[in-house]
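Everything on this sheet refers to the single structure shown next.
The values are calculated or read from the model by the stated rules, or taken from the named source; none is laboratory data. If you're wondering where the values come from, they're calculated on a predicted model, not measured in any experiment. Cβ atoms come from the backbone with ideal geometry, glycine included; neighbour counts cover every protein chain shown. Protein only, heavy atoms only, side chains kept; ligands, DNA and RNA dropped before computing areas. Shrake-Rupley method; radii C 1.70, N 1.55, O 1.52, S 1.80 Å.
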Amino acid sequence: MKPEANSKVVIVGAGFGGLLCARDLDGFETRDRRSVHVTLIDRHDYHTFQPLLYQVATSLLEPLDVAYPIRKIFRGSKNIHVRQAMVERVDFERKVVCSSDGAEHSYDMLVLATGSTTNFFGNEAIEASSFGVKDLSEALQLRNHVLACLERSVEFADPEERRRLLTFVVCGGGPTGVEFAGALAELLDLVVPAEYPELQREECQIHLIEGQERVLGPFHPSLSAYAGRVLEGKGVKLHLGVLVKEATESRVVTGDGEVIECGTIMWSAGVKPADLGDGCAAQKNKGKRIQVDRWLRLVEHPEVFAIGDVACVPEDPRGIPMLAQPAIQQGGYAAARIREIVEGKDPAGAAPFEYKDKGTMATVGKNAAVVQLGKLRIRGFAGWVAWMALHIFYLIGFRNRLSVMLSWAGYFFGRDRPSRIMTSPAGDSLSASVDEELKP
């Protein structure tokens, strides 16, 4: 039985996967003029380019450089309709998505692309005392806090208290942790000697704690070793093969008993699916990722697709990482299957989804990056250029691309990080606590 014209498709989440799925369905129409009415729901009115959030947190980029209005992306579209709301519940039986504004969005096909959030592994104390960089607000809070620590530190005569305030702990040695630690070291190298005559750069310390025996675990050992050497050359102290046992706003205790007095804790030791909890009665694995078949559909509800960080494909023996590239590929794949359904075809007749690993990369700072493309491994300046080119390519909007390139060029040639304004520190609870707790 062929679906009726103007099939209703609801996409929950405008991250990499959900956005690409919507873009691939924009303007779609069959030869007999059947089409889709797409409702794209996200809690924000903008799409965030998450791979560059750490540069917002370290004062190299502005929020507008990594965010783009969703409605502007679909300006002039006749079949894509954007709604800003929090999705609270999915009723699979009634085929309805219920949002926080009280609206109900009915669907013929549903795409769940809710992405991921920072995983604190149930440790409420660590969650309450540390910062993540998974969304724009978190990146801004972290930037405000880092800048507030520099400002407040000049008020202290006690060198021990000042040293604590100028000690930054990064938990997690994956790409986000490595990139943030390297960028933070460069920020301190730039601004402390030139703009804080009351401070010494040596007073500022950065500790990176990683549970594995090397940073950048998914990379080839030679690339991990190179990244570790670059970080150490920037003054970052590596704590490898140890875990964080406990943390407060003023200290971190590692599994081997070391106590690090600090003023900032940045947590990048894991992510978890941003699922809807009890509001989504789908079958999930132990990691809370939704179980899908090889065509990315829920087995019990084949009209529902799950893509990106929230989806688990059991048949994939390698395991699909929770990164942007898999979400992009799955978003395009889900859109293709939806078009087939509208055309009256069985999507199970198509080839199952297969993730094509197009490589992994991470930057350790200016002129230093690692790139792994199958057996090809690039590091140093060449890797840094490749990293920049890829990120510019995937950014949305000419203005964003131009602004980011100009910011990078300004830092490369002029050693300038102009985005050092605490936009709203009073709205940041941790920065507010710094202001209150650290008054001399």
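Below, the figures for the structure above:
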{"read-out": "For the stretch 131-149 and the stretch 19-95, distance of Cα centres in Å", "value": "24 Å"}
{"read-out": "Surface accessible to a 1.4 Å probe, per residue, for the residues of the chain, Å²", "value": "45 Å²"}
{"read-out": "Size of charge dipole - the chain - debye, nearest 20, with Cβ of Lys, Arg +1 and Asp, Glu -1, no other charges", "value": "1760 debye"}
{"read-out": "Share of carbon and sulfur in the accessible heavy-atom surface of the chain [1.4 Å probe, %]", "value": "52 percent"}
{"read-out": "Percent of Cα pairs exceeding the 13 Å cut-off, where the set is the stretch 332-403", "value": "73 percent"}
{"read-out": "Gain on full stretching of the segment that runs from residue 89 to residue 31 - 0.36 nm per residue minus C-alpha separation", "value": "17.4 nm"}
{"read-out": "Trypsin sites (Lys or Arg not before Pro) restricted to DSSP loop in the stretch 74-140 with at most 15 other C-beta within 10 Å", "value": "75, 78, 94"}
{"read-out": "Partners for residue 356 among lysines (Cα-Cα distance below 20 Å; same-chain residues under 8 apart left out)", "value": "375"}
{"read-out": "Whether the chain is rounded, prolate or oblate, judged on the alpha carbon gyration tensor where a/c under 1.5 counts as rounded", "value": "prolate"}
{"read-out": "Relative intensity, log₁₀ I(q)/I(0), of the stretch 70-187 from a Debye sum that treats every alpha carbon as a point, q = 0.10, 0.11, 0.12, 0.15 Å⁻¹", "value": "-0.56, -0.64, -0.72, -0.91"}
{"read-out": "Dipole in debye (nearest 20) - the stretch 74-228, about Cα centre, beta carbon charges: Lys, Arg +1; Asp, Glu -1", "value": "680 debye"}
{"read-out": "DSSP-loop GluC sites (Glu not before Pro) across the stretch 65-129, with at most 15 other Cβ within 10 angstrom", "value": "93"}
{"read-out": "Gyration tensor verdict on the stretch 21-134 (Cα atoms; rounded if a/c is under 1.5, prolate if a/b is larger than b/c, oblate otherwise)", "value": "oblate"}
{"read-out": "Antiparallel DSSP beta bridges within the chain, percent to nearest 5", "value": "50 percent"}
{"read-out": "Selection from 281, 400, 191, by position along the positive dipole direction of the chain (Cβ)", "value": "400"}
{"read-out": "Virtual paramagnetic centre 7 Å along Cα→Cβ of residue 405, amide N under 14 Å, in the stretch 367-388", "value": "388"}
{"read-out": "Difference of contour (0.36 nm per residue) and Cα-Cα distance, residue 158 to residue 345", "value": "60.0 nm"}
{"read-out": "Listed pairs 134/366; 8/345; 8/288; 134/288 exceeding 20 Å between Cα atoms", "value": "134/366; 8/288"}
{"read-out": "Positive-end residue, the stretch 206-329 charge dipole about Cα centroid, Cβ charges, pick of 324, 291, 264", "value": "324"}
{"read-out": "Selection from 414, 305, 142 lying farthest towards where the dipole of the chain points positive, charges on Cβ", "value": "305"}
